[in-house]
1. Using a 1.4 angstrom probe on the protein heavy atoms only, line up D326, D172 by accessible area, largest first.
2. Give the cross-link partners of K274 among the lysines, using a straight C-alpha distance below 22 Å as the criterion and excluding same-chain residues fewer than 8 apart.
3. Quick one: if the Förster radius is 56 Å, what FRET efficiency do T587 and K632 give, using the C-beta to C-beta distance and rounding to 0.05?
4. Does the chain classify as rounded, prolate or oblate by the C-alpha gyration tensor (a ≥ b ≥ c root eigenvalues; a/c under 1.5 gives rounded; else a/b over b/c gives prolate, otherwise oblate)?
5. I want to check the label-to-label distance for V680 and W608. Put each point 7 Å from Cα in the C-beta direction and report it in nm to one decimal.
6. Just to confirm, what accessible area per residue do you get for the chain at 1.4 Å probe, in whole Å²?
7. Let me check I've understood the local charge: for P561, count other residues with C-beta under 15 angstrom from its C-beta, Lys and Arg +1, Asp and Glu -1. What total comes out?
8. Of the heavy-atom accessible surface of the chain (probe 1.4 angstrom), what whole percent is carbon and sulfur?
Amino acid sequence: MYHAIVFLPLLGALIAGLFGTSLFRNMGSDRVVYGGHHDHGHGGHGHDDHGHGHDDHGHGGHYHGPMWPMYLTTAFLFIAAILSWVNFWGFLHEGHDVKIEVLRWITSGTLQSSWSLRIDTLTSVMLVVVNTVSALVHLYSLGYMSHDEHQPRFFAYLSLFTFAMLMLVTSDNLIQMFFGWEGVGLASYLLIGFWYQRPSANAAAIKAFVVNRVGDFGFVLGIFGVFMVYGSVEFDAVFAAAPQAVGKTMHFLSWELDTLTVLCLLLFMGAMGKSAQFLLHTWLPDAMEGPTPVSALIHAATMVTAGVFLVARLSPLFELAPAARDVVMVVGAITAFFAASVGLVQNDIKRVIAYSTCSQLGYMFVAMGAGAYGIGIFHLFTHAFFKALLFLGAGSVIHAMSGEQDMRKMGGLAPHIRITWAMMLIGTFALTGVGIPGLFGFAGFHSKDAIIETAYASHAAPHLFAFGLLVISAFFTSFYSWRLAFMTFNGAPRADRETMEHVHESSNVMLIPLYVLALGAIVAGFAFEHYFMGHEEAVFWGKSIFRSTENEIVHQIHEVPVLVKWSATIAMLSGLLLAALFYIRNTELPKKIAAMHQPIYQFLLNKWYFDELYDLIFVRPAMWLGRFLWKKGDGAVIDGLGPDGVSARVIDVTNKVVRLQTGYVYHYAFAMLIGVAALVSWFTFGGTH
């Protein structure tokens, strides 16, 4: 079963990628369209997310090839997802950890690394999240990408991405984890830049790849450090030896620093890049250049949650390094606040949701920093459902609007796409944390509110700082979420008449994934709360995450003041009321406030100017240095004085020597006489002693 869960996506990727347009070409070669705009006379409008149609990307806008690669990869993912749920159900009822060796991988001196599948509770949760969301994204893409002529390549990339993520979450050692880590980075590069004929997509893909390399550099140093300290990269060996390094120091960059703190911070640096944390977050909004299903897959459940999974998996190390956990908490809190503040003023429907993802990842890291690893993974679990629902719902809106993404050009869509509106509403309820403490709540209510309580109850030094920022972020989250809902679905239509005439509901192949995700957004919180963070918590997690005996954070959150328990709900209601005032009651008010506070508005609209700052500090100096080395170093020095220069001088000398051969005998006789005279002079004056 475990081999099928992990390797079916790889098999699908290989078959679709290598043979998708050649093998069995006659099998199902009739094009099947599930929801394309051409049914409404809009053949030129594809799902390019920018209203320009795939023709602008050089794709022709139509797919006439075989459909079986898309069916095959989707079927494989659904099989893997079903098996993942079967495995997860076993762990809900006292399942047993399993370790399966696939093959011996690296043997070099004392470095021993096998390719093994580590199946425990933490892995089973991630398998459910990754395979469920990926399967639904595959199904959704059958309709959303129905116009694109490169469908086999797209589905091959999706399945390859899923396999890389499965490699990461089933890893039994740091080398294997890094292999999956880089595989996810490669696949995300391919998916973000899928429409490679669009310069903005290429730029976004390169940006994601480069920014992640910054974090990965720290991750690699962390792996090297772990091997240097413990002599192994196997998790079990490292975790067993971890207590021996407590209190010890290591020489790092001319300083003597605490060993575990350094190792954990280096490993966390990798998590910061992959999970788009503050300072290494700039790639995530630009990743919206990929197709909307890619946004749902990357930002809902897979790539961006890899960093959270990394910290949870390495909990035996982080638990022994409180200083490192303080850094994790601070970075998470700042990320949650920063991303939520930027989301307040964004106008692109997908970018609002992207910044929401960035903010929610900050919540997860705050939980990790507080030592509440299970609660952080619980939010990862619930977040996957409602964030994928919101992204795919946004894709349905974009589909209905013939590719338009600007919310300022929407409005009044609820009567035209009622199902999509209802699904987005459920996603908004779950994200903002609608619920009543002690009673029922949507998914985010159970997990996100628990993290806020965790921040307050924690004994970490920055816990009140984190608590304050998370409450403010909850208010921001509610405001921008309802702002998105009201601007998109309520009020008078702001699109042109032609666009509104063709607004239509998506087909069932795109709506079925929304139904399933909506169900998860409703029930995932209260259905699984007692396993992740309730009375079944210790039995459920077993040995997959580690908390020291002094860490009683899961019990302490039940003792926080009543006001703390209600803080998230108060923030949610405040954001809802303010958004209703701005975008339902008095729609001119936002413009007036933006005009009154123009510097702050521009500061948020330009994402705190991080892109401009990085361009000034890193990009321009790097470009200048590269141009200098090219023009001066390569052109002037190497080509001028190096091989090209030497060859040019040889040619110059030979050209001059050639002139001596005139063809006249008396010239040669004269040269001989000079030679004879030189020899006589040598022997006469210098040749005798």
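1. Details: D326 45, D172 5 Å².
So, going from the largest accessible area down, we get D326, D172.
2. Correct list for K274: K207, K350, K387, K448, K607.
3. On the way: r = 58 Å, r/R0 = 1.03.
Efficiency at R0 = 56 Å is approximately 0.45.
4. On the way: a/c = 1.92, a/b = 1.51, b/c = 1.27.
Prolate shape, in that a/c is at least 1.5 and a/b is the bigger ratio.
5. According to this spin-label approximation, the distance is 9.2 nm.
6. Numbers: 27890 Å² over 689 residues.
The answer is 40 Å² per residue.
7. Details: positive: K565; negative: D449, E453, E559.
Result for the local shell: -2.
8. Numbers: 19130 of 27890 Å².
Carbon and sulfur atoms account for 69 percent of the accessible area of the chain.
The values are calculated or read from the model by the stated rules, or taken from the named source; none is laboratory data. In this text, all values refer to a predicted model and were calculated from it rather than measured experimentally. We place every Cβ from the backbone using ideal geometry, glycine too, and count neighbours over all the protein chains shown. Note: areas computed on protein heavy atoms with side chains; ligands, DNA, RNA excluded. Shrake-Rupley method; radii C 1.70, N 1.55, O 1.52, S 1.80 Å.
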